[in-house]
Structures are given as C-alpha cells and as structure tokens.
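Down below is the structure, laid out as structure tokens.
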Ligand SMILES: [Zn+2]
C-alpha cells in the first residue's frame with residue numbers, strides 16, 4: 001500500500017493540535033463537574049425507581065397481611081363462640097389453646113403489619129428527599145452547562161485557524177489516504193496514528209513487527225497496519 005506520506009503527516013500534525021485541545025476540554029474540571037452531576041442525577045433517578053418498586057411490593061404485602069389478620073380474627077371469634085357449647089373441661093382447655101394460638105398469630109401479623117407500614121413511610125421520605133436532590137442537581141446542571149458552553153466556545157475560537165488549516169490540507173489529500181487515516185482515528189487510538197517504521201519496529205507501540213510486515217513495507221511511501229497497535233506504519 002502506497003501513501004503520500006509527507007502530506008498525510010502534515011495533516012496529522014494539524015489534526016493532533018485539534019485533538020489535544022479536544023482532549024484537554026474533555027478532561028477539564030468543568031467537563032468533569034458536568035459529567036459528575038449527570039451521573040448523580042442518573043443515580044438518584046435509579047434510587048427513586050427502586051424505592052417506588054419496593055413501595056409497590058410492600059403495599060401488596062400490606063394488603064395480604066390485612067386479609068390474613070381479618071381471617072385470623074374471624075377464626076378466633078368462631079373459637080370463642082364455640083366455647084359456650086363445649087361441655088368437658090378437656091374440650092374447654094383445648095379450645096382455649098386454639099384461641100391463644102390465634103391471638104399469638106394476630107400479634108405476630110400485627111407486628112409485621114406495622115413494620116411494613118413503617119418501612120413504607122421511610123420509603124416515602126427517602127423518595128421525597130431524592131427528588132429534592134434531583135431538583136437541586138438540575139439547577140447545578142444548568143449552571144454547569146452554561147460554564148461548559150462558554151469554555152467550548154473559547155476552545156472553538158482558539159482552534160478556528162487550526163481547523164481552517166486542517167481543512168486546507170485535507171483538500172490536497174488523496175481521499176483514499178484520508179479514509180485509511182480516519183478509519184484508524186475512529187478507533188480511539190492515541191495520536192499520532194501514523195508512525196514511522198524503523199528497523200522492524202513500530203514507533204507507536206515499540207513492538208518489533210518485522211516478521212508480520214515482511215514484504216508489505218519495502219520502499220519509501222509504503223504503509224501497513226501495525227499488527228499490535230493498529231497504527232499506520234510508514235517507511236520514509
Ligand atoms: Zn504498533
């Protein structure tokens with residue numbers, strides 16, 4: 001594969017200046033702050049959804065417990081009513097035991113019922129609190145967005161000349177060469193992506209790749225992909 005190395009390197013040099021400025025913008029405290037707020041909002045929203053689901057489950061559970069309590073109450077009343085009909089002492093004792101077990105059951109169910117109601121109240125409070133925080137974060141986000149917009153505009157103004165320069169060089173390139181470059185560039189490989197092939201070694205990753213590239217990269221202007229880091233290797 002052949003390439004107009006000189007022109008492509010000129011393009012890359014300009015591209016690299018723009019890339020560095022973009023990277024600096026991405027890792028700026030202003031951009032990090034913005035991302036943090038977005039992450040916080042997402043986290044809070046997920047919490048609210050989780051709490052809502054838990055609350056729905058508890059409400060169902062409370063309904064079930066109410067029915068259970070009602071049922072136990074009816075059974076206990078029935079046993080009390082039977083008491084007056086019982087004749088022998090044994091039967092009376094047995095019935096008292098049954099009533100006692102119903103009462104214990106009601107007590108236990110009552111306790112669980114109140115525990116569930118208490119958790120439901122807690123959930124409502126937690127969800128409310130989370131929503132207040134979301135509101136606060138949204139205000140922060142708006143402020144942060146303005147700061148970021150200003151910074152982006154500043155960066156774009158500073159880069160304006162370089163962007164024009166890159167465009168001018170691009171107009172002189174062979175579209176096929178540029179396509180190869182852009183394909184690698186899209187893969188988020190750290191620039192420079194066009195690196196010199198010297199003594200069988202890739203200048204990008206430092207790997208000795210002579211065996212892989214034998215015959216592919218022979219004379220000046222030849223290019224080949226580094227099998228290790230995927231950068232474009234060229235021979236001067
Ligand atoms: Zn490499």
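Structural remarks
- Label-to-label distance, residue 70 versus residue 162, with points set 7 angstrom from Cα along the beta-carbon direction: 7.3 nm.
- Candidates 72, 148, 89, ranked by Gaussian network fluctuation over the chain, Cα under 10 Å, top entry: 89
- Pairwise centroid distance, computed over Cα atoms, of region 69-131 with region 203-236, Å: 81
- Taking every DSSP beta bridge that has both ends in region 180-234, the antiparallel portion is near 65%.
- Residue of 74, 62, 180 that the Gaussian network model of the chain assigns the largest fluctuation, springs spanning Cα pairs under 10 Å: 74
- Gain on full stretching of the segment that runs from residue 60 to residue 26 - 0.36 nm per residue minus C-alpha separation: 7.5 nm
- Potential lengthening between residue 45 and residue 131 on full extension [0.36 nm per residue; Cα-Cα distance subtracted]: 30.2 nm
- Net length available on complete extension from residue 112 to residue 1 is 32.4 nm, with 0.36 nm assigned per residue and the Cα-Cα distance removed.
- Taking the centroid of alpha carbons for each part, region 151-193 and region 11-55 are 23 Å apart.
- The chain - mean residue ellipticity at 222 nm from DSSP helices (-39,500 (n - 2.57) per run, n ≥ 4, rounded to 500): -27000 deg cm²/dmol
- Residue with peak Gaussian network fluctuation, the chain [Cα springs, cutoff 10 Å], from 33, 59, 45: 59
- For the chain, the antiparallel share of DSSP beta bridges with both residues in that region comes to about 70%.
- Cα-based shape type of region 180-234, given that a ≥ b ≥ c are square roots of the gyration tensor eigenvalues and the cut on a/c is 1.5: prolate
- Prolate/oblate/rounded call for the chain, Cα gyration tensor, a/c under 1.5 rounded: prolate
- If a spin label sat at a point 7 angstrom from the Cα of residue 152 along the line to its beta carbon, the backbone N atoms of region 5-34 nearer than 15 Å would be those of 22-28, 30-34.
Taken together, the values in this text are just the output of simple stated rules run on the coordinates, not laboratory data. Values in this document were obtained by computation on a predicted structure and should not be read as measured data. Using ideal geometry, Cβ is built from the backbone for each residue, glycine included, and neighbour counts are taken over all protein chains shown.
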